[in-house]
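Taking it in order: structure first as structure tokens, then the write-up.
Where a number appears in this text, it was derived from the coordinates with a stated rule and is not lab data. It should be emphasised that the depicted structure is a prediction, and the values quoted were computed from it without experimental measurement. We place every Cβ from the backbone using ideal geometry, glycine too, and count neighbours over all the protein chains shown.
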């Protein structure tokens, strides 16, 4: 059994993580996935989360293929709405949520808008807010036009939140909500990607849309903004690049 301590300033952070893990475990079962797993939650409190211990090993192409196929099967499960029923966390920052039937407006307000509102530099916050004010309706409509049906998203799917043992891939540290499945795929590419076997296996089950490349930069803007708010200037250029693109819509 693995015990995770609450190192955040939020008393309910581990409860939110436990809920996300349980939702993903249920989805794995519903989708009939066998080689992609999620730790079982044994207990949770303000201070600690006890869950399955994973004996970590080096990943292989076979395990990356299993990860891609399993994720695609989870994304293929039908969902009734976008968003989520309560706020949770993305890394060390709050992730604001509501339940909605409008993906574009949800992503604009609760993902991009909320992160822009957290920027401490007033000039930069005003600059980015102005872009969202001027182009937000166009962006939201474009996302609605090109988004797939709502899917359960891991929400923070970079390589640090996937671990492998000798026979399985494991999803950890989720920031779950419901939305366009390509938002999960976009984040897998932020820090180098998961490798060709993963993407080939995913697309064999759930082909990517023709506009995935453009959607990827919009979806990853949320994470670049979050990283800028958490860690500072190294992520600013990436944020500015995407806002310039949005300004040209």
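Computed FRET efficiency, Cβ-Cβ of residue 80 and residue 208, R0 22 Å: what is it to the nearest 0.05?
It comes out at approximately 0.40.
Using a Gaussian network model of the chain in which every pair of alpha carbons under 10 angstrom is joined by a spring, one finds that among 60, 169, 120 the greatest mean-square fluctuation is at 120.
Taking 129, 168, 58 in turn, the Gaussian network model of the chain (Cα-Cα springs below 10 Å) assigns the largest fluctuation to 58.
Mean sequence separation of contacting Cα pairs (under 8 Å, at least six apart), scaled by the length of region 74-191, corresponds to a relative contact order of 30 percent. The angle between the Cα long axis of helix 196-205 and the main principal axis of the chain comes to about 90°, on a 0 to 90 degree scale. On the beta carbon distance between residue 200 and residue 118, with R0 = 45 Å, the FRET formula returns roughly 0.75. In the chain, the longest principal axis of the Cα atoms and the axis of helix 236-247 are about 60 degrees apart. Full extension of the chain between residue 231 and residue 1 yields a length gain of 79.6 nm, computed as 0.36 nm times the residue separation minus the alpha carbon distance.
Stretching residue 134 away from residue 189 to a fully extended chain increases their span by 17.0 nm, per 0.36 nm per residue minus the current alpha-carbon distance. Counting neighbouring Cβ atoms within 10 Å and putting the fewest first, the residues 33, 167 line up as 167, 33.
Once you divide the Cα radius of gyration of the chain by 2.2 N^0.38 Å, the number left is 0.99. Once C-alpha pairs closer than 8 Å and six or more residues apart are averaged by separation and normalised to the residue number of the chain, the relative contact order reads 23 percent.
If you take the Cα centroid of region 49-80 and the Cα centroid of region 161-175, the two points sit 6 Å apart.
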